[in-house]
Each structure stands twice: as structure tokens, then as C-alpha cells.
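Here's the structure we're looking at; comments come further down.
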Ligand SMILES: C[S@@+](CC[C@H](N)C(=O)[O-])C[C@H]1O[C@@H](n2cnc3c(N)ncnc32)[C@H](O)[C@@H]1O
């Protein structure tokens, strides 16, 4: 059974959590929208036969993404947009995937509402993220301290985001969270999780 929180998860290395990310991405099927696709770091892990649509607001990343997606052969589209406003029809995709994106979006609730809107009924949401440590812990204080800087220099990245309750609040069902505790510096491990849910 997945740990109920990062606190009860064993400590692991980034390389180990990266394997978790890859396995989560591989579960996406059908027409897949990848939000905040960056420069295409997930391409190797998608299952064969999917139809991939990427969404990426950062123009330089998007240019690389477009090139890589063409080379992969499963490109349908790369959208120049933000996940708070997805330029796709309602119920038009089977899966929405995002890896390390929920830390960067401006509005978590709007992003989740849009993901749910574009998913077909029963469609699957797969989110892989680093997340906030429990309030009052030393790790959370550190996350709160570095977040104003990371927001400015790392495409809006916040280290103190929580999203589990927000996924449920957005109306998704079958919400699951697979928690991990990943070492980032000697003595510091941050919560990471794979969330899945159905529209
Ligand atoms: C940490 S990077 C992760 C990139 C990629 N998903 C990966 O795992 O390598 C965060 C990405 O989210 C994108 N991003 C930032 N704000 C966004 C928004 N509002 N909607 C969608 N993507 C956004 C950034 O441009 C960046 O490419």
C-alpha cells in the first residue's frame, strides 16, 4: 500500500524517484495531453501508440519540444498556452500528464478544473510532483524560505505547494497519492508524490 504521507515513506535518491516518474508516465494511454511538457523529458517513457499533445508556455522550451516531438513521430500538436486555460475541446483527451508542473502553475485550482474539463468521462489524470513538507517542520521552513527565489529564477517553481486536497476539490474521483521522500541535499529530503485520479 502507498504511504499515506511522505513522513512514513523510506528515504530515496532522485534516480530512484525518476524511475517512479517514468513508470507513472508510461500508464497514460490514448490521446494524451502533457501539460508543462518542458523540453520533452518524458518522451522516452510514454507508451507506444499514444497520440501526444503537448502544452508549454515557455517559448524556448517549446521550440525544443516541437523538434523532439517531430522526431518521436507521435506529435499531434504543441500548444503555446498555460494549463489554466487549455485551448482544447471539453472531453477531448483520454489522459492528462504533468511532471513537476504543479509547482510552477500560477493557479492550481484553475489548472485542475481545466484538466478535468478536457478529459473524457473516466479519463485519467497523472501528476508527478515535488511537494510541501508538513507545516512546522524544518524542511517546510526551508521550502518557505527558498520559494520566493525559486519562483523568480526557476520558471515559477514553488517548493511549498500542496495539491492532494485540491485534486479532490476539483471534482476528480478515485484520487490516489503514492508518497516518496527524496533526498535533495545531505540531511534534507523533500516529499514527492504521484497523484492519479479519474475525471
Ligand atoms: C520544472 S519544469 C518541468 C518540465 C517537464 N514537465 C519535466 O518534467 O521535465 C516546469 C514546466 O512547467 C511550465 N509551466 C510554467 N507555468 C505553467 C503554466 N501556467 N501552465 C503550464 N505549464 C507551465 C514551465 O515552462 C516548465 O516547462
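The values are calculated or read from the model by the stated rules, or taken from the named source; none is laboratory data. In this text the structure is predicted, and so the values were computed from the model without any measurement. For neighbour counting, all protein chains shown are included, and Cβ atoms are generated from backbone atoms with ideal geometry for every residue, glycine included.
Tally time: how many residues in region 44-58 are closer than 22 Å to residue 154 by Cβ and either at pLDDT below 95 or within 9 Å of the ligand (Cβ to nearest atom) (or both)?
4
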Residues in region 23-57 that are assigned to a helix (DSSP H, G or I) and surrounded by fewer than 15 Cβ atoms within 10 Å (Cβ to Cβ) total 2
The lone condition residue 127 fails out of (1) surrounded by fewer than 20 Cβ atoms within 10 Å (Cβ to Cβ); (2) within 14 Å of the chain's Cα centre (by Cα) is (1)
Only one of 156, 136, 98 is away from the ligand (no atom under 16 Å from the Cβ) and not in a helix (DSSP H, G or I), namely 136
Boolean, residue 142 is outside any helix (DSSP H, G or I), more than 14 Å from the ligand (Cβ to nearest atom) and either over 19 Å from residue 25 (Cα atoms) or in contact with a helix residue (DSSP H, G or I) (Cβ under 7 Å, 6 or more places away or on another chain) (or both) = no
Has region 74-95 got any residue that is assigned to a helix (DSSP H, G or I), more than 13 Å from the chain's Cα centre (by Cα) and farther than 20 Å from residue 114 by Cβ? no
For region 53-65, pairs from a residue that is in contact (Cβ under 8 Å) with a residue 40 or more places away in the chain to a residue that is near the ligand (Cβ under 9 Å from one of its atoms) and in a loop (DSSP other than H, G, I, E, B), with Cβ under 7 Å and 6 or more apart or across chains, are 58/155
All conditions in (1) on the phi < 0 side of the Ramachandran plot; (2) loosely packed, with under 13 Cβ neighbours inside 10 Å are true of residue 136 except (1)
* Could you tell me whether residue 81 is closer than 17 Å to residue 93 by Cβ, within 13 Å of the ligand (Cβ to nearest atom), at pLDDT 95 or above and crowded, with 22+ Cβ neighbours inside 10 Å? => no
Margin query: I'd like to know if region 107-129 contains one or more residues that are touching a strand residue (DSSP E or B) at 6+ places or on another chain (Cβ under 8 Å), under 23 Å from residue 39 (Cβ atoms), within 14 Å of the ligand (Cβ to nearest atom) and in a loop (DSSP other than H, G, I, E, B).
Written below: no
Is there a residue in region 160-172 that is surrounded by fewer than 16 Cβ atoms within 10 Å (Cβ to Cβ), farther than 23 Å from residue 87 by Cβ and touching a residue at least 40 places away in the same chain (Cβ under 8 Å)? yes
Cβ pairs under 9 Å, 6+ apart or interchain, first in region 81-92 and over 15 Å from residue 54 (Cβ atoms), second within 7 Å of the ligand (Cβ to nearest atom) and assigned to a loop (DSSP other than H, G, I, E, B), ordered by first then second residue, are 84/105; 84/106
